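One structure is given below, encoded as structure tokens.
The values are calculated or read from the model by the stated rules, or taken from the named source; none is laboratory data. Since the model is a prediction, treat every value here as computed from it, not as a measurement. Ideal geometry is used to build each Cβ from the backbone, glycine not excepted, and the neighbour counts take in all protein chains shown. Side chains are part of the model used for accessible areas, which takes the heavy atoms of the whole protein and leaves out ligands, DNA and RNA. Shrake-Rupley method; radii C 1.70, N 1.55, O 1.52, S 1.80 Å.
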Amino acid sequence: MVSTVLWMVGLAWGAEIDRYPWQAEVSCGACSGEGVYAFEVPVALRSAEDPPDGSDLTVVDARGQEVPVAWVLGGGAVTSTPLSARPLPEPYSYVLGATDLAVDEIEVRLPGDGCLAEVRVERLEGEVAVPWGAPQRVWREGSSVQERVRVPPSTGPWKITLHPYRWGRRDRVSFSGVSEAFPGLGPQHLTLPVSDPILDEDGGAAYIVRLPHPLPLRAISLRVDEPLFERTVTVRPLRDDSGRGWETAQGSVRRVQMGGASLDEVRVALGSITPSRALQLEIPTRGKLPLTLTGVELEVQGRIGVVRGEPPFTLYGGAPAGTTPPSDLGVAVTELAAAVTAVLPVGAVGPSPVYVPPEVRGGLIAPSVPLDTEPSWRAPVIGGPGLVAVALDADRFSRSEGGHAELRLSDAEGRQIPAVLYQRAEGEVREGLPFTRDEERSTSRLVVKNPWPGRALQGLTLHSPAPTFDRQLTVSRVDGARLMPLRVIRWQAADRPRTLSVRLDDVVGEELVIEIENGNNPPLPLDAVGLSVKTWELRAWLPEGEVFLSGGDPRADAPDYDLSLVQSELLLREAAPATLGPFEELGAPPRSLLDRAVLGGGLAAFALGLLGMVVGLLRRIPEAPPEAPAPDEQPGEASLPEEGDATPRSPAGD
């Protein structure tokens, strides 16, 4: 039947190889001739969509012809076989009998609840026990059960030794062998670093894990330094253009003592959260210090390919789902597993030289129309050619949220280069900022110098070494001669020890003022103050030659490029970092009509105000008093006019 199925699906089909961004060689020096071969798809070739039918992958033989592939998730079908166990004189040691199927895992059925043991497995070669790997722990406590240990694929027999920390009746332990259709091709693991904890206002801690590319993750395991802990973990995808995802996975992690040994439960199943380039781990502290994470281990469900043909092959991956037409070879996976000639190793993954990205294929990246702005500055872009990410330095680009509409990329001829602007998932954090402090009776007033005036600050962090305190804080921005409160918050060391994080999400000027009400207590000591701000990036395909970033035109509207239609896919791909060279000032741009109207209105108001002041001053000038009569002149007598004075004077009283 196997040969019939293989003949029916042995014809090649016509998928386009230039749609697959990554490739790897699949070969075996000791293998030759046509046959049925299996291989494991490397993590680097797995796509974000990871369709079950493998339509994001394809295989080509040495003649350049595509070959049919059957794709299997995990190790294929699982079979459990009871294993005979012969007790040895050594306590808790057994000889497990051989099986017909190669075993990938040994299941240790513990005698009851509350059991914890360390398991060491050795392969028996005659009477000699050959050690393998480090001991593994199994346990059963309530709903927490871990009773399987991974072993190299083998049909046995084995020697297994248990070191119980907490145990029930010895004679109730039993064993089973777990066999997969494709032995040894199980889950894949990837170890990655994690960011320092980012405290939120509620006292929780968030940790960021950056992935090399979006992956179809099955679980995440934490590497924790603390000797004992118990926490709840929420995992959510983190996207650069839209922030935190709404889909979450939750689980509990802990390290507890059982019978003098530690029980580690640090794995969180992720379910079906949307793949992304970053994950955010949210761990409430509940009045405790944040956990010290030294890294995480990501678990990806393995994917196996089975092909019929003659090696070597080239494996292509990373295309959108549905790119490769499905193969009917998958209907015979069970028979294929028995007919596999060899498991082929897969070489290093690298970029495909014939790959054409969809935005290139659609003509969305070429320099287009001339600049539509009159910029006041420009800077050369150092990087490219190709897809790059240009970080916008927070100190230089001091526009608030929704700004940067005037930014344009252009080539040496002044033609616009399409780009997408997006906000990064992580902001920029700056700790140890300078501040002044004054004590006024029971109030401590701190004035912090804001490094990003005019930008929307994300948050404020305060660090205090005091072990016990309870204070009320008011955070304000300066508005002329008065303070405008932004937040009023209570800080209790019992809930948030050492560090307080305050959400701001508001534009602040040169200074931020923090007032701490100490009541009848001494001033609260503070070690450091920090601020965080949102950051932005531009992503674009840079051509050969000079490229400039320009801006500073207040009249400019945000550009509308067709490249934004594929922004989600664009941000999922790796982009080379690009930087900006020295800024060149081009002069102030002409004012917009709105600016001119505002300026004209201001000048008119000033002129009217000045005119009003002049009129008011003139009205305040006193009138001249009447002249007093001469000493020799009697009242009622008219005086003769002086010579040259033609105006007769009326007698007093007329």
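Apart from one condition, Leu291 fits all of (1) more than 16 Å from the chain's Cα centre (by Cα); (2) open to solvent by 30 Å² or more (accessible area, probe 1.4 Å); (3) not polar (S, T, N, Q); the exception is (2).
One line per residue, one yes/no per condition, for (1) part of a loop (DSSP other than H, G, I, E, B); (2) modelled with pLDDT of 90 or more; (3) not small (Gly, Ala, Ser):
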position	(1), (2), (3)
Gln458	no, no, yes
Pro467	yes, yes, yes
Thr474	no, yes, yes
Val488	no, yes, yes
Glu515	no, yes, yes
Leu538	no, yes, yes
Pro559	yes, yes, yes
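Of the residues Leu457, Leu473, the single one that is under 25 Å from the mean Cα position of the chain (by Cα), under 21 Å from Gly204 (Cα atoms) and buried (at least 17 other Cβ atoms within 10 Å of the Cβ) is Leu457.
Checking the condition without any contact (Cβ under 8 Å) to a residue 24 or more places away in the chain and either open to solvent by less than 50 Å² (accessible area, probe 1.4 Å) or in a loop (DSSP other than H, G, I, E, B) (or both), which residue from Gly363, Gly322 passes? Lay out the reasoning, then the answer.
Working: Gly322 fails: without any contact (Cβ under 8 Å) to a residue 24 or more places away in the chain.
One residue alone meets the criteria, Gly363.
Across segment 138-149, what is the total count of residues that are open to solvent by 20 Å² or more (accessible area, probe 1.4 Å) and modelled with pLDDT of 90 or more?
Residues that pass the stated criteria total 1.
The sole residue among Pro353, Pro375, Pro380 that is open to solvent by 20 Å² or more (accessible area, probe 1.4 Å), assigned to a loop (DSSP other than H, G, I, E, B), modelled with pLDDT of 90 or more and more than 30 Å from Ser32 (Cα to Cα) is Pro375. Pairs only if they're at least six apart or on different chains, beta carbon under 6 angstrom, first in segment 476-493 and free of Cβ contacts under 8 Å to residues at least 12 places away in the same chain, second open to solvent by less than 60 Å² (accessible area, probe 1.4 Å); list them, first residue then second. Listed pairs, sorted by first residue: Met484/Ser476; Pro485/Thr474; Pro485/Ser476.
For Gln250, the criteria (1) out of contact with any Ser or Thr (no Cβ under 6 Å at 6 or more places or on another chain); (2) modelled with pLDDT of 90 or more; (3) under 30 Å from Glu180 (Cβ atoms) hold in every case but one, which is (1).
A quick yes/no check of all residues on (1) within 19 Å of Val72 (Cβ to Cβ); (2) at pLDDT below 90; (3) open to solvent by less than 30 Å² (accessible area, probe 1.4 Å):
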site: Ser327; (1), (2), (3): yes, yes, no
site: Gly330; (1), (2), (3): yes, yes, no
site: Thr334; (1), (2), (3): yes, yes, no
site: Ala338; (1), (2), (3): yes, yes, no
site: Val343; (1), (2), (3): yes, yes, no
site: Gly347; (1), (2), (3): no, no, no
site: Pro357; (1), (2), (3): no, no, yes
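Applying the selection to segment 412-422, what residues are part of a strand (DSSP E or B) and surrounded by fewer than 17 Cβ atoms within 10 Å (Cβ to Cβ)? Correct list: Arg415 only. Taking first residues from segment 44-64 that are more than 11 Å from Ala321 (Cα to Cα) and partners that are at pLDDT 85 or above and surrounded by fewer than 17 Cβ atoms within 10 Å (Cβ to Cβ), the Cβ contacts under 6 Å between residues at least 6 apart in sequence or on separate chains come to Ala62/Pro312.
Would a scan of segment 292-304 turn up a residue that is of a type outside the set (D, E, K, R), touching a Phe, Trp or Tyr at 6+ places or on another chain (Cβ under 8 Å) and more than 24 Å from Val194 (Cβ to Cβ)? Yes, segment 292-304 has at least one match. Could you list all residues from segment 181-203 that are out of contact with any strand residue (DSSP E or B) (no Cβ under 6 Å at 6 or more places or on another chain) and not acidic (Asp, Glu)? Hits for segment 181-203 are Ala181, Gly186, Gly203.
Strands (runs of 3 or more DSSP E) fully within segment 72-182 that include at least 3 residues being touching a residue at least 60 places away in the same chain (Cβ under 8 Å) and either of a type in the set (Ser, Thr, Tyr) or farther than 28 Å from Val253 by Cβ (or both): 78-83, 93-96, 158-166, 174-180.
For the structure I just gave you, tell me whether Ser532 is farther than 19 Å from Arg378 by Cα and either modelled with pLDDT of 90 or more or surrounded by 15 or more Cβ atoms within 10 Å (Cβ to Cβ) (or both). When the stated conditions are applied, Ser532 passes them.
The residues of segment 407-439 that are under 21 Å from Leu457 (Cα atoms), of a type in the set (Asp, Glu) and either over 20 Å from the mean Cα position of the chain (by Cα) or at pLDDT 85 or above (or both), listed by number, are Glu428, Glu431.
Residues that are free of Cβ contacts under 8 Å to residues at least 40 places away in the same chain, open to solvent by 30 Å² or more (accessible area, probe 1.4 Å) and out of contact with any helix residue (DSSP H, G or I) (no Cβ under 7 Å at 6 or more places or on another chain) occur in segment 425-436; there is at least one.
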